[in-house]
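Single-structure report; data block below.
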Amino acid sequence: MPNLPELVLADGRIDWEALFQIYEFDQYREYANELTRNEADFIETALGLSEGAALLDVACGGGRHALELARRGYSVEGVDSSATLVAYATRCAYEQATRARFVRGDMRALDYQQQFDAALVMNSSLGFFDDPTNRATLGRIAQALVDGGKLLLQCLNPYQIERYLQGFRSGWHQIGGGYLLREAHFVPRSATLAIGYRFVMPSRQLDTQHPGDRIRLYGYPELATMLAAAGLRPLAVFGDAVMPAVPFEEASLWQVLVAEKARG
């Protein structure tokens, strides 16, 4: 693995994306690697990927799914808005000599046209914008797929959000030479998960807060309607992105949809 990027920037700010997507996974590397391999098994199975398929990983973060899938022989392109994460994933791909390419880009402005056999949107990465923008983003992802191409979309189940929050890693924990406080709550009127962060690094006399994330959560009927509007036909839904596959049921914390773009 390449060296970790600088966590504290020259102007004293924290690189939050590096903290969440690189340092945190590095701290639990053995578990994270096992989880990633299992999720990649699920992705291959759920999408029915053919040998050498072209994949698009939207909001790819540090590239953990893209890199694992590239190691398995797929041609993978990862897109993320963070320059730090794209640079880190690119270094990983170079060191591992995989067929993975990473580009910096805004998922709201994807401009691919029928280039990929399948696309991934993992870990509730859809939902950071308002409803019209989220719908438009799905449309752009659909445009990136060939006819008959498939999308795998992993989202939290809003009907079980209280159970999710019970297991959410809140409170202080040590990471990256400092301490991170993570707090979250659900806003029912907007069906939004609000997450706040504070990071303290005593050695640098640093105490800073993240502006916070707001993630719009959609139920399955809403997601199915949004997919259909984007020209994607829901084929299946699972209760998590793991193997062996689990059904989507009342108690599922996640909903993982597989949808297909119309042929012709």
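No value in this document is a laboratory result; all are computed from the given coordinates. The structure presented is a predicted model; accordingly, all values stated were derived computationally and were not measured. Here the Cβ is made from the backbone with ideal geometry for all residues, glycine too, and neighbour counts use every protein chain on show.
What is the helix-to-structure angle for 83-96, meaning the angle in degrees between its Cα long axis and the longest Cα principal axis of the chain, kept from 0 to 90 and rounded to the nearest 10? Its long axis makes an angle of about 70 degrees.
Ranked highest first by the average count of other Cβ atoms within 10 Å around their residues, in what order do 83-89, 106-112, 244-250, 254-260 fall? Please report the intermediate quantities before stating the final value.
Values: 83-89: 21.1, 106-112: 14.4, 244-250: 11.7, 254-260: 22.9.
Descending packing order for the listed peptides: 254-260, 83-89, 106-112, 244-250.
Bridges between two residues of the chain, per DSSP, are antiparallel at a rate of about 65%.
Relative to the longest principal axis of the chain, what angle (0 to 90°, nearest 10) does the C-alpha long axis of helix 220-229 take? It works out to around 60 degrees.
Multiply the residue gap between residue 251 and residue 163 by 0.36 nm, knock off their C-alpha separation, and tell me the result in nm, one decimal place.
On the way: separation 88, 0.36 × 88 = 31.68 nm, distance 0.88 nm.
Full-extension gain reported as 30.8 nm.
Figure legend: label point modelled 7 angstrom from the Cα of residue 214 along Cα→Cβ; residues of the stretch 157-196 with amide N under 15 Å from it are 185-196.
Among the GluC sites (Glu not before Pro) in the stretch 5-69, those located in a DSSP loop and surrounded by at most 13 other Cβ atoms within 10 Å of their own Cβ are 6, 51.
Assuming charge only on the beta carbon of Lys and Arg (+1) and of Asp and Glu (-1), the dipole of the chain about its Cα centre is about 280 debye to the nearest 20. Pairwise Cα separations in the stretch 161-214 fall into 10 Å bins from 0 onward with the following percentages, short to long: 24, 45, 23, 8, 0. Annotation note: trypsin sites (Lys or Arg not before Pro) in the stretch 6-87 located in DSSP loop regions with a Cβ neighbour count of at most 14 within 10 Å are 13.
Based on the alpha-carbon gyration tensor of the stretch 11-166 and its eigenvalue square roots a ≥ b ≥ c, which shape applies: rounded if a/c is under 1.5, prolate if not and a/b is larger than b/c, or oblate?
On the way: a/c = 1.25, a/b = 1.07, b/c = 1.17.
Judged from the Cα gyration tensor, the stretch 11-166 comes out rounded (a/c under 1.5).
Against the longest principal axis of the chain, how steep is helix 29-47, in degrees 0 to 90 to the nearest 10, with axes from Cα atoms? That helix lies at roughly 10 degrees to the long axis. Extension gain, residue 97-residue 31: 0.36 nm per intervening residue step, less the Cα-Cα distance, totals 21.4 nm.
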